[in-house]
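Participant: Provided herewith is a single structure, encoded as structure tokens, for subsequent inquiry.
The values are calculated or read from the model by the stated rules, or taken from the named source; none is laboratory data. Everything numeric in this text was worked out from a predicted model, so none of it was measured. Note: ideal-geometry Cβ built from the backbone for every residue, glycine included; neighbour counts use all protein chains shown. Areas reflect the complete protein model, heavy atoms only, side chains present, ligands, DNA and RNA absent. Shrake-Rupley method; radii C 1.70, N 1.55, O 1.52, S 1.80 Å.
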Amino acid sequence: MLLSVCIIARNEAEFLPECLESVVSVADEIILSGHRLGGRHH
Amino acid sequence: MSWRAGTAAGCSPYRGRRTSPLRGTSRSRRHRGEWILSLDADERLCNAELLHDTLLQASPDVGGFLLEHLSTDAEGNRHRTWLLRLLRNHPHIRFRGRIHEQVAESIQQAGYRICPSPVRLVHVGYSNVELLRRKHERNRQLLLQALQEEPDSGYLWLQYARTALALGQAAEADYALERAAGCTPEESPLWTQIRLWQAHVALQQQQPTAATKHLQAVLRHYPDHPTALQLYAEALLQQRNWQRCLQAYERWERALAQPTAEHLLLGITEPSAAEIACRKAYCLYMLGRWEEAESLLLDALQQAPDHLGCRALLGHVYLSTGRLEHAEPLLADLERRNAPPTLLRSLQQHRERRLRARQRTRPLLSFSMIVRDEAQRLPACLDSVRDVVDEIVIVDTGSQDDTPEIARRYGALLFHVAWQEDFAAARNEALRHCQGEWILYLDADEQLAPESARLLRNLLEDTPEEVGALICTIESPHRTADGRVELHRGAYPRVFRNYGYPTIRFVGRAHEQISPSILALGKQIVASPLRILHFGYDQAPQVLQQKVWRNYRLLMQQVQQEPLDAYAWFQLGQTLARLQFYTEAESALRFALQLGTLSHAMSASAAIVLAQLCGRSRRIGEMLSWAEYALHYVPDHVYALYLKARALRFLGRPCEALEALRNARASQRVPELPTTAAVQIVVPEEVLEQEERELAELAAQECSPA
């Protein structure tokens, strides 16, 4: 496996789709880290 | 392709957030790839295929790749920097730090090297102001926590300062930068960044001199650092030093075109091409080079039609060149586009001034002169101004030749008065007859430079009410006692508003001045790009000598009448030196300085003549003191720096001499527009060059370890 992409995100759902899209063709795995991913009521 | 979501277990939010995916976890469990790309959610990878190729071709000793990181701010400036975000998956390669985490050190410690790559990330986030503010606020809290653990981290203090600035807390930023500087070794990359931010803060607080100090320190190590050059240009802008500012902007533009790896690691800001054009055009505009400014702006607006700064400045150019009809639609358009109020207001005020000027009933400009037996040189002088002045007023003080005839041929109003051994009296007689709103005066052996003649009327129309006179640069070749020719560059107010005689009048029998009466009215005397060419010193030595004796006579009368007139004593000192009465010259100059009423520029000039006199009688220590005295008043005075270098050389201190000489050359390369009356002697470039070569040799012997 060549490339792991780790994306740091926190309540940033609006940005995330495009970010994922930009790496999806090259990443062998994508790891999302951050607190309560997608939780807007944090 | 696999997907996993993780949380930074057991940590407060964001505690070492970039670290957590890499920290203490086995590769097999958390990251299975050979390489790890670390991204924030508001970043985008631009060129996935290049990333793939980069990794396939990666040499085994590379532990991390620098990615180009681009972001654009609200003003459209592009920030470009290199970040280490693509890392080899290795147990020892770890980000460290709570925030603004760093990884480079761990790569090197693990025995790998860092390599640039063509891979590019774009930062898109935070168009939302409130979100951005919350992010900065959060970063501030994290940085405060981190600083409690590491109070001596220059890096953390710098980041804290940047965050404080983003939150509009300038004083706190200032303090943080000082702390940062205090714990960072000089000349490290971090030190450079700290100095740049210090300059930035100084400029925000309108302290260009302080900013320049920081920037010169950076530019010594990185002569083409784009950010340093940009900030340097802005400092010069605040100092209204348009010529040097333009040059700095041009250097900046060149540096941006070819950033070095070092510069990219520090990060650079690339404004749009229109923004650069706008800044350069502003300098050109202030220098009165309106045609160049206009073509630069028109080109820029073709590329970026919406650049408000360029549009507003173009409006100013149209107004300054009397094209109100071109300016009107631009102004209306800026109003429609909700341009920033300052931009709008200055253009509106400018239009008001031009409209008022159209209703003027008085002539704009009178040309005034006093002459005697000037038939030879008068035509060239009058030719240089006849097309731009509304009337010519000439006072003849007793010509025997064709002077009156020539004056009439040019349509001059001619008046005759008897010569009373008093230049001011004769000039005031001419002043009385001038009708124009402004008065320009020249001597018969002077000419207005052609480019200044083209500029003059528009410049006057544009000059605000509070300005009473414009300083012109007078360039004249002088013949020295040993027959050499040196160029003197004088600065005198030769164009002034006509408030009516005797409210406005000349004072002084010789070297008469108009400034005192203008300053007494509370009006300003400001720099201008106007240039006058003086040919008087081409004359035969005996004619010149006669003039010097005449001045001596008049000045002696002047100081007898007004013994506390420091300016007359200063001129008398210079005249005595020219007549080779060196001891008397020295006394007169010392007395002029003791009176303490000379302007800074004139004090410097007096000290320079004293330094020359000491040098000629080989009192080198005194020569050095006087040169330094002059530099105290005018820090970048070319001739004072040159004399200082000469003195230090005689004293056997070649290293210091070399530094002074290099400063002299740097100052001479781009002369400042003078803002007060002054005289600079222009040392020929080849003389300075030769001197620098010799000093460099001497200094090399001196400074090299024995």
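Participant: Return the residue satisfying two criteria in turn: it lies in segment B:68-89 and is charged (D, E, K, R), in a strand (DSSP E or B) and out of contact with any Asp or Glu (no Cβ under 8 Å at 6 or more places or on another chain), and of such residues it is farthest from the other protein chains (Cβ to nearest Cβ).
Facilitator: Out of the qualifying residues, it is B:GLU68.
Participant: Now for a different question. Here is a check on your reading of the model: is B:TYR232 in a helix (DSSP H, G or I) and open to solvent by 10 Å² or more (accessible area, probe 1.4 Å)?
Facilitator: yes
Participant: Specify the residue that is nearest to the chain's Cα centre (by Cα); the eligible residues are those in segment B:35-57 that are more than 8 Å from chain A (Cβ to nearest Cβ) and in contact (Cβ under 8 Å) with a residue 40 or more places away in the chain.
Facilitator: Only one residue tops the list, namely B:ASN47.
Participant: Please tell me if B:ALA630 is in contact with a strand residue (DSSP E or B) (Cβ under 8 Å, 6 or more places away or on another chain) and either buried (at least 17 other Cβ atoms within 10 Å of the Cβ) or in contact (Cβ under 8 Å) with a residue 12 or more places away in the chain (or both).
Facilitator: Here the answer is no, as B:ALA630 does not meet what is asked.
Participant: Still on this structure, please answer the following. How about segment B:308-359: which of its residues are in contact (Cβ under 8 Å) with a residue 60 or more places away in the chain and farther than 12 Å from B:TYR285 by Cβ?
Facilitator: Correct list: B:GLY322, B:ARG353, B:ARG354, B:ALA357.
Participant: Exactly one condition in (1) in contact (Cβ under 8 Å) with a residue 40 or more places away in the chain; (2) under 21 Å from the mean Cα position of the chain (by Cα) is false for B:LYS280; which is it?
Facilitator: Among (1) in contact (Cβ under 8 Å) with a residue 40 or more places away in the chain; (2) under 21 Å from the mean Cα position of the chain (by Cα), B:LYS280 violates only (1).
Participant: Quick one: how many residues across segment B:354-369 are open to solvent by less than 60 Å² (accessible area, probe 1.4 Å) and either touching a Phe, Trp or Tyr at 6+ places or on another chain (Cβ under 9 Å) or in a loop (DSSP other than H, G, I, E, B) (or both)?
Facilitator: 7
Participant: Here's a follow-up. Which of (1) assigned to a helix (DSSP H, G or I); (2) over 29 Å from B:SER320 (Cα atoms) does B:PRO259 not meet, given it meets every other one?
Facilitator: Single failed check for B:PRO259: (1).
Participant: Let me ask you something else. Just checking, does segment B:217-224 include any residue being over 26 Å from B:SER667 (Cβ atoms), open to solvent by 30 Å² or more (accessible area, probe 1.4 Å) and not in a helix (DSSP H, G or I)?
Facilitator: The answer is no; no qualifying residue exists.
Participant: Out of the residues in segment B:528-548 that are at pLDDT 80 or above and in contact with an Asp or Glu (Cβ under 8 Å, 6 or more places away or on another chain), state the one that is farthest from B:ARG377 (Cα to Cα).
Facilitator: B:ARG531
Conditions (1) of a type in the set (Asp, Glu); (2) closer than 22 Å to B:PHE506 by Cα; (3) open to solvent by less than 20 Å² (accessible area, probe 1.4 Å), marked per residue:
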position: B:GLN557; (1), (2), (3): no, yes, no
position: B:GLU562; (1), (2), (3): yes, yes, no
position: B:TYR567; (1), (2), (3): no, yes, no
position: B:LEU572; (1), (2), (3): no, yes, yes
position: B:THR575; (1), (2), (3): no, yes, yes
position: B:SER587; (1), (2), (3): no, no, no
position: B:GLN594; (1), (2), (3): no, no, no
position: B:LEU598; (1), (2), (3): no, yes, no
position: B:MET602; (1), (2), (3): no, yes, yes
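Participant: Let me ask something else. Quick one: which residue in B:ARG372, B:ARG311, B:ARG386 is open to solvent by 60 Å² or more (accessible area, probe 1.4 Å) and touching an Asp or Glu at 6+ places or on another chain (Cβ under 9 Å)?
Facilitator: B:ARG372
Participant: Name the residues in segment B:35-67 that are over 15 Å from A:ILE30 (Cβ atoms), in contact with a helix residue (DSSP H, G or I) (Cβ under 8 Å, 6 or more places away or on another chain) and not in a strand (DSSP E or B), would you?
Facilitator: B:ASP42, B:CYS46
Participant: Would you mention how many residues in segment B:152-180 are open to solvent by less than 60 Å² (accessible area, probe 1.4 Å) and free of Cβ contacts under 8 Å to residues at least 12 places away in the same chain?
Facilitator: Of the residues in that region, 1 qualify.
Participant: Tell me the residue from B:LEU460, B:LEU448 that is under 20 Å from B:LEU382 (Cα atoms) and under 24 Å from the mean Cα position of the chain (by Cα), please.
Facilitator: None of the other options fit; the residue is B:LEU460.
Participant: Can you confirm whether B:ARG409 is out of contact with any Pro (no Cβ under 6 Å at 6 or more places or on another chain) and loosely packed, with under 14 Cβ neighbours inside 10 Å?
Facilitator: Criteria met by B:ARG409.
Participant: Can you report the number of residues in segment B:82-124 which are at pLDDT below 85 and touching a His at 6+ places or on another chain (Cβ under 9 Å)?
Facilitator: 0
Participant: Any residue in segment B:573-589 that is assigned to a loop (DSSP other than H, G, I, E, B) and in contact (Cβ under 8 Å) with a residue 24 or more places away in the chain?
Facilitator: yes
Participant: Also, quick follow-up: Scan segment B:199-216 for residues that are over 12 Å from B:ALA170 (Cβ atoms) and either crowded, with 23+ Cβ neighbours inside 10 Å or in contact with a strand residue (DSSP E or B) (Cβ under 6 Å, 6 or more places away or on another chain) (or both) and report the count.
Facilitator: Qualifying residue count for the region: 4.
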